[in-house]
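Below is one structure, written out as structure tokens; the observations come after it.
The values are calculated or read from the model by the stated rules, or taken from the named source; none is laboratory data. Everything quoted here is computed from the prediction, not taken from an experiment. Cβ atoms come from the backbone with ideal geometry, glycine included; neighbour counts cover every protein chain shown.
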Amino acid sequence: MGSGLHAETGCRRVYAGEVFECQKNPMEAKEMTGDGDGRKYANSQASFLTKMGKMQSAGCRLCRIAREARGESTDGLAAETHGHINSAGCEGMATTVTSAHHFIWRHLYDSMHAAKKPKSKLKFVTHDKESNMSTLRRREEFLRICSKEELVEKAQDIEVTIPVKKRKEARYNLNPESFFQNRFWGSRPDGAAINENLQIVSILEFKRSTDRDEGFLEVKEAEANGQHKSIISALKAAAPKWEFEQIDFVVGNPPRITC
Ligand SMILES: [Zn+2]
């Protein structure tokens, strides 16, 4: 973990395990961290607090509540880190985090749409709602790019080369062939834009992440690119005269303790 310089105040941004220092307003830092001298390890992660004896378990309390409400086992809870509770992976926060993602993306998407030049041929084909590949494929704009048969064949060729994630192994074992088809056609990019004049298709992906760690932009961009690698590759193989690209939008969600 590392620390960076706050662009506006000159104060140090807090990262896990780093010393919190607020040169601009030490008293404010004292209040935020609850420490007597305004200088403290401001790591709010549960594992750290557990080591300090402030918490009994590092397991996420929000996940625990969600599982208890469903009558499920609370074994194997994810660690309660800042990143976890701000992700859709947190069972107690998933609905809220997903709603925040959709809300912000909708605003960005509408802004891009509104900023189009009057003569622009760019068409946002998923402007109204998020669509999966199966839905996108049925749109008339995509029907003019390549045949369904070609895309099915190329998608299958590429999907079988992409490893099956551990948490999806059970589903894969039930029916390997349909697993790959479902994985491809169920892919859900946040948006797509087509320029038929230039023959360019842009697959759009929006990521919202904690910006606690330096390098979060690269991490989330790599994640987004991996997510739609199959779509881009299959489309390129099925329609070689067209150009396909992925454009990622990554926004940071600041940590609670900041200055
Ligand atoms: Zn959780």
Lone unmet requirement of (1) over 23 Å from Trp242 (Cα atoms); (2) surrounded by 14 or more Cβ atoms within 10 Å (Cβ to Cβ); (3) not basic (Lys, Arg) for Ser134
(1)
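Can you tell me which residues in the range 229-253 are part of a loop (DSSP other than H, G, I, E, B) and under 12 Å from the mean Cα position of the chain (by Cα)?
none
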Can you pull out the residues in the range 138-163 that are surrounded by 15 or more Cβ atoms within 10 Å (Cβ to Cβ) and of a type in the set (A, V, I, L, M, F, W, C)?
Phe142, Ile145, Cys146, Leu151, Val152, Ala155, Ile158
Could you count how many residues in the range 79-112 are part of a loop (DSSP other than H, G, I, E, B) and either modelled with pLDDT under 90 or closer than 30 Å to Asn197 by Cα (or both)?
6
Can you tell me which residues in the range 52-69 are farther than 12 Å from Glu80 by Cβ and near the ligand (Cβ under 9 Å from one of its atoms)?
Ala66
Output yes when any residue across the range 124-146 is part of a helix (DSSP H, G or I), within 14 Å of the ligand (Cβ to nearest atom) and basic (Lys, Arg), and no when none is.
no
Can you run down the residue pairs with Cβ atoms below 8 Å, 6 or more apart or on separate chains, where the first is in the range 232-254 and free of Cβ contacts under 8 Å to residues at least 12 places away in the same chain and the partner is part of a strand (DSSP E or B) and not β-branched (Val, Ile, Thr)?
Lys236/Phe244
I need every pair where a residue in the range 72-88 that is in contact (Cβ under 8 Å) with a residue 24 or more places away in the chain and acidic (Asp, Glu) has its Cβ under 9 Å from the Cβ of a residue that is outside any loop (DSSP other than H, G, I, E, B) and more than 11 Å from the ligand (Cβ to nearest atom), sequence separation at least 6 or different chains.
Glu80/Ser47; Glu80/Leu49
Please determine whether any residue of the range 172-180 is part of a helix (DSSP H, G or I), within 19 Å of the chain's Cα centre (by Cα) and farther than 30 Å from Lys117 by Cα.
no
Tally, over the range 174-191, of residues that are closer than 26 Å to Tyr109 by Cβ and among the acidic types (Asp, Glu):
1
Can we say Ala115 is modelled with pLDDT of 90 or more and more than 16 Å from the chain's Cα centre (by Cα)?
no
